Structure formats: structure tokens, C-alpha cells
Amino acid sequence: MNRREALKLSLLAGAGLAAGGAQAQQACATDGTPAQFVPKKAADARPLENELDKYPKCPYCGMDRKEHHRARMLAHYSDDLVDGVCSIHCLGLSLGVNIDREPKAIWGPDYGSAAEPRPLVPVEKLTYLIGADLKHAMTKRSKHSFAAKDVAEQFRQKHGGEFGDFNEAIKQSYLDMAADVAQIRKNREERRRKMMEQKPG
């Protein structure tokens, strides 16, 4: 092989590597870990403004956040990307898959408020009632948050449960994840089966 042929092969190999690299970059923009989990909405420096209009559906389960406003949460990451989720269960998914994205603020609902929708409050100011006999989105063991400790105590007296802060609530959410996912799969399969049975002939 002479020098000219060697140079030609080298240039072709370089072009092939460059094309392969470009294809890999293109694929990584929407697929693979962690790129496929990057929040898809544009960066938002003011996520609380009209948050239910901007983030109507949970990106992890598809649930309507307005319908589940008593459990919804909002994570604002340091690059201004936002995940509006339906529950602390799906917040756990967001925090887990965005492991290299630092949250600068997380908000949860004041379950004890009478306002519709429930107002969002920074999680560090919330008291969590864990394990009360209150329905919750995406988890069997409820983890409702309250802005006022005395209101949370009224709910505890009536519905049971134990108090914790946000860190304890998210920890318990991760501990419940396996059982909750199994139940969600079962519920969705049952729903699909019923829909198939109701389809005409």
C-alpha cells in the first residue's frame, strides 16, 4: 500500500467516525440514559405562574395534574427545566432519573387548604402525614402535605398516620415504589381488559 492509498483510507475512516459520532449525538438527544429523561418543556424561570396550564399532565404516568391537584408537585431544576408531576411517587421518578440535575426548588400542595386548586408551598415548609387512611395518587400509602402543623394534627386525629418532613416522605415513597408499581401495573391491565371486553364484536 502506497502513501496516497493509506492517506485515502485514513480520510475515509475519519469521515466514517465523524458521521457515526453525529448519529450517536442525534440519537442521544432523545434516547438513552440520562438524555431521554430530560424534561421536555422549555426552560422556565417562573414555573409557578400558570403552572397547571404549562404542566397539565404528569410526564411519567400521564395523569391530569389539575384533577390530582391535592397531590401534585413541581420540581424546578438548576438549569430552569421543570417537571410538573402528579404526586410524590412521580416526583421520586423525576429526582431519580435527573440525578445530575440539581433541584433548586420543589413545591408540594397544602392538602389542608380549602382552595381549589390547592396552593403549592416549598416542601421545606410542609409537614407530611404519612400512612393516613386518605386516598393518594399513584401510591397505596398516602403521603399528604400540610402548610399548618395544627391542621395536619386534626387530620392525623381523624385519619391516623405519622408525621415526617419532606425527606422522610420521599424516602418512604422510594420504599413503597416496588409495591406501588406492581399495583399500578395490575390496575392498568385490569382497565385494558375491561375496555377490550366493552368493545363491540
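Amide H contacts for V121 (H built 1.01 Å from N in the peptide plane; partners 5 or more residues away or on another chain; cut-off under 5 Å): G108, D110. Using the alpha-carbon positions of the range 38-193, Rg (one decimal) and Dmax (whole number) come out as 15.0, 44 Å.
Taken about its Cα centre, the range 118-201 carries a charge dipole of roughly 580 debye when the Cβ of each Lys and Arg holds +1 and the Cβ of each Asp and Glu holds -1. Between S113, A132, S94, the Cα set farthest toward the positive side of the dipole of the range 86-142 (charges on each charged residue's Cβ, about the Cα centre) is that of A132.
Dipole magnitude for the range 38-193: about 700 debye, using +1 per Lys or Arg Cβ and -1 per Asp or Glu Cβ, origin at the Cα centre.
Every read-out reported here was derived from the displayed coordinates using simple, explicitly stated rules and does not represent laboratory data. Keep in mind it's a predicted model, so treat the numbers as computed, not measured. All Cβ positions, even for glycine, are placed from backbone atoms using ideal geometry, and neighbour counts span all protein chains on display.
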